[in-house]
């Protein structure tokens, strides 16, 4: 009895065991293909006695030579932004901005004999870009150009381009700028000019019969600031829809009927800003275009300002020393530049800073890009609280690695930090780079093995 | 994937030292008896621990054994616990008698294994910052062996296993934040031998068996390829060298058999103290292994038949092959198992459960507690004689 019972139990046990074995084999084969089930990224046990084969160290004692380049010229046409104003401070002297544009021809419909002129105005819209003290009144004159706006063979106009204009203003306005308002328009009355044009329209004058004749007759306009009033530069939208000449008139029907003629801004390629700077009495006094001034001679500062054409240049005089050892690689190279403390009260710090390469002739060559060919933008750290750690950090690994790949570092192949390509030609954003405390730093992450 | 599927047999941070974690050379029945096997001469299983034991193989049978395992490990430091599961093929063995005096066995089994993944941080030299770094290791040494055993006298056998050791020791380090990785692969190989003696005698109705084993230490042939990969490309270095050796090893075992009852004890000494570890925190030392085990059959109707089951118990202590900053990583384990006869292709399944502990928790070290399930599938075929009666 007892033995029989045990046999039964054993058979049950054996059949259970068989299923167990089948399961185990399945699990076992699973284990063969999937060796470890621990999620990587979490396992830390054992870290205390690893004999590491690699080390990474940062070296940031490379010397940097920083200087300020004064660009020969900055392309300033076709930006959709007009700057007018005069700004002076002790940092960079004065900036004088004039905005040029012409008018678009469209066939005029005669308003009829009974129509009589009321008034005429140029109407502008603020662009929200403005610099300096916009709480003081400024004065702007509008002059008619005496020669037509003609682009260079490259199709552009520059901050240095000059177009002659009539010494007599067709309009003038003194006002408190309101650049942050989207709906406040800036109106500059040009009644004399407007009435003359109205008469020609009314008479069906031949000079208004074609675009060619029209643009020869009305060559264009320039907005000129009065340097004796106010201390600001204001930005205006400069496109077909936001620069308008309006002529208001009326005629008598049952009662008076009010009408207007609108003439839009002309060719966008002809719209440009002329920006003149005067560095007299500043550290940059005497700087020549296409030249550079070392920060050693400018109180350990380097200067950047968009349309003025100032660009900080950075050179690495000691990078050749990188080649002294062979058991290493550069993992990352960072360029760190900090603004001069308290230098950004009037001109807000640009949040997006880019970097270019430049040469011995101080010509800006190409914008540096990341591995995805996207322009490299600096990481901007703004130390709101203590104002001590505000800085721009560029990952210039690609540049440094490409430079050293031939075991030779060319001192003259340098970097220039600045605004975006469009920012350079369409803004007056300013940055003053501290070159001593702290200096502009090159931080190199070395892997040794 | 150099190192093949057999590479990551263990998965333990301790496997980062030297050739990795040395693998047990026990198989089959021995797994359930604390790895005890030097003094055993089984007719049913292949006992590769002592090459002289092949003389005991049944003259009628050729034996084929496959071992696999699954292991759950819990790692504890004084601060935290982490666990992982791993498993793999453990061995493939074949054995049979060639003639009245000569038997042979050959097979594949790992000598050591490396498998770890550790996430750590490293200080950026020249700064106060640190960065995440992942260390990982894989590979290990595999061995294929060909063994022979000669019956010198009726009670005395001598045997030798010739091993071809091959594999790689691979350590990697990588940082995704800094986009680099280093992979240091040392390929190792050499031929080594294990010698064995077995002497058995009867006292009344009891049978005693004494086993002795010896392996000589040897430096392995190495060649290294280290690759460093960064954003700018990959550099291959061939001028690095790492030296690896296997230790000299002595062992003695005694077993006792009465009827179907079996018991045994092993003592083994490995001279790791002559082996140099590159890690400055690690020093080799002489490592002793002591184990004992018993095996007894199921009672009742099946006793003495081919359906008889065996139960096994054992215990094992294995001294650490090295000390880490003065602390050894000793192993303690208890095992239990069963040999379950089956009908069909697989004649017997040996199931063993091992409860073990490795290392201790100190300020810097950690303890591994694990449960390992060993499965051994033994296939027995009548190759040389017709089946007469079963």
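The values are calculated or read from the model by the stated rules, or taken from the named source; none is laboratory data. These numbers were taken from a predicted model, which means no experiment stands behind them. Reconstructed Cβ throughout: ideal geometry from the backbone, glycine too, with neighbour counts over all protein chains shown.
Listed by position, the strands (runs of 3 or more DSSP E) inside region A:1-115 whose residues that are more than 14 Å from chain B (Cβ to nearest Cβ), at pLDDT 60 or above and surrounded by 15 or more Cβ atoms within 10 Å (Cβ to Cβ) number at least 3 are A:65-70, A:81-89, A:93-101.
Determine if region B:130-142 includes at least one residue that is farther than 26 Å from residue B:367 by Cβ, crowded, with 18+ Cβ neighbours inside 10 Å, touching a residue at least 12 places away in the same chain (Cβ under 8 Å) and away from chain A (no Cβ under 14 Å). There is at least one residue in region B:130-142 that is farther than 26 Å from residue B:367 by Cβ, crowded, with 18+ Cβ neighbours inside 10 Å, touching a residue at least 12 places away in the same chain (Cβ under 8 Å) and away from chain A (no Cβ under 14 Å).
Tell me the residue from A:397, A:448 that is touching a strand residue (DSSP E or B) at 6+ places or on another chain (Cβ under 7 Å), within 25 Å of residue B:228 (Cβ to Cβ), modelled with pLDDT under 90 and within 14 Å of chain B (Cβ to nearest Cβ), please. Just one listed residue meets the conditions, A:448.
Quick one: how many residues across region B:10-40 are part of a helix (DSSP H, G or I), closer than 24 Å to residue B:190 by Cβ and within 14 Å of the chain's Cα centre (by Cα)? Summing the residues that are part of a helix (DSSP H, G or I), closer than 24 Å to residue B:190 by Cβ and within 14 Å of the chain's Cα centre (by Cα) in region B:10-40 gives 1.
Residues are listed down the side, and each one gets a yes or a no for (1) within 19 Å of residue A:63 (Cβ to Cβ); (2) crowded, with 21+ Cβ neighbours inside 10 Å; (3) more than 14 Å from chain B (Cβ to nearest Cβ):
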{"site": "A:350", "(1), (2), (3)": "no, yes, yes"}
{"site": "A:354", "(1), (2), (3)": "no, yes, yes"}
{"site": "A:358", "(1), (2), (3)": "yes, yes, yes"}
{"site": "A:361", "(1), (2), (3)": "no, no, yes"}
{"site": "A:364", "(1), (2), (3)": "no, no, yes"}
{"site": "A:370", "(1), (2), (3)": "no, no, no"}
{"site": "A:373", "(1), (2), (3)": "no, no, yes"}
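Scan region A:349-377 for residues that are in contact (Cβ under 8 Å) with a residue 40 or more places away in the chain and not in a strand (DSSP E or B) and jot them down. Those that are in contact (Cβ under 8 Å) with a residue 40 or more places away in the chain and not in a strand (DSSP E or B): A:349, A:350, A:352, A:353, A:359, A:360, A:361, A:362, A:363, A:368. Going by what's in this entry, would residue B:25 be described as crowded, with 24+ Cβ neighbours inside 10 Å and touching a residue at least 60 places away in the same chain (Cβ under 8 Å)? When the stated conditions are applied, residue B:25 passes them. Only one entry of B:261, B:250, B:296, B:277 meets the criterion of being at pLDDT 95 or above and either farther than 20 Å from residue B:198 by Cα or surrounded by fewer than 19 Cβ atoms within 10 Å (Cβ to Cβ) (or both), and that entry is B:250. Does residue A:317 satisfy the criteria of being part of a loop (DSSP other than H, G, I, E, B) and touching a helix residue (DSSP H, G or I) at 6+ places or on another chain (Cβ under 9 Å)? So residue A:317 does not fit the description; no. Elements of the type strands (runs of 3 or more DSSP E) sitting completely within region B:328-390 and holding at least 2 residues that are within 28 Å of residue B:62 (Cα to Cα), at pLDDT 90 or above and away from chain A (no Cβ under 14 Å): these cover B:331-341. Counting residues in region B:220-227 that are away from every other protein chain (no Cβ under 14 Å), closer than 30 Å to residue A:328 by Cα and not in a strand (DSSP E or B) gives one or more.
Every test in (1) modelled with pLDDT under 90; (2) part of a strand (DSSP E or B); (3) under 30 Å from residue A:135 (Cα atoms) is passed by residue A:311 save one, and that test is (1). Residue check: is residue A:218 in contact with a strand residue (DSSP E or B) (Cβ under 7 Å, 6 or more places away or on another chain) and within 19 Å of residue A:163 (Cβ to Cβ)? Considered against the rule, which asks whether it is in contact with a strand residue (DSSP E or B) (Cβ under 7 Å, 6 or more places away or on another chain) and within 19 Å of residue A:163 (Cβ to Cβ), residue A:218 comes out as yes. Tell me, yes or no, whether region A:134-143 has at least one residue that is touching a helix residue (DSSP H, G or I) at 6+ places or on another chain (Cβ under 7 Å), assigned to a strand (DSSP E or B), over 30 Å from residue B:134 (Cβ atoms) and modelled with pLDDT of 90 or more. No, region A:134-143 contains no residue that is touching a helix residue (DSSP H, G or I) at 6+ places or on another chain (Cβ under 7 Å), assigned to a strand (DSSP E or B), over 30 Å from residue B:134 (Cβ atoms) and modelled with pLDDT of 90 or more. Kindly indicate whether residue A:342 is in contact (Cβ under 8 Å) with a residue 60 or more places away in the chain, over 21 Å from the mean Cα position of the chain (by Cα) and surrounded by fewer than 21 Cβ atoms within 10 Å (Cβ to Cβ). In short, no.
Is it true that some residue in region B:38-50 is touching a helix residue (DSSP H, G or I) at 6+ places or on another chain (Cβ under 8 Å), within 14 Å of chain A (Cβ to nearest Cβ) and closer than 30 Å to residue B:244 by Cα?
no
Restricting attention to region B:57-116, the residues that are part of a loop (DSSP other than H, G, I, E, B) and either facing chain A (nearest Cβ under 10 Å) or under 14 Å from the mean Cα position of the chain (by Cα) (or both) add up to 3.
Of the residues that sit in region B:307-318 and are surrounded by fewer than 20 Cβ atoms within 10 Å (Cβ to Cβ) and more than 13 Å from chain A (Cβ to nearest Cβ), which one is farthest from residue B:23 (Cα to Cα)? Checked region B:307-318; the qualifying residue farthest from residue B:23 (Cα to Cα) is B:313. Restricted to region A:430-441, and to residues there that are surrounded by fewer than 23 Cβ atoms within 10 Å (Cβ to Cβ) and touching a strand residue (DSSP E or B) at 6+ places or on another chain (Cβ under 7 Å), the residue that is nearest to residue B:127 (Cα to Cα) is A:441.
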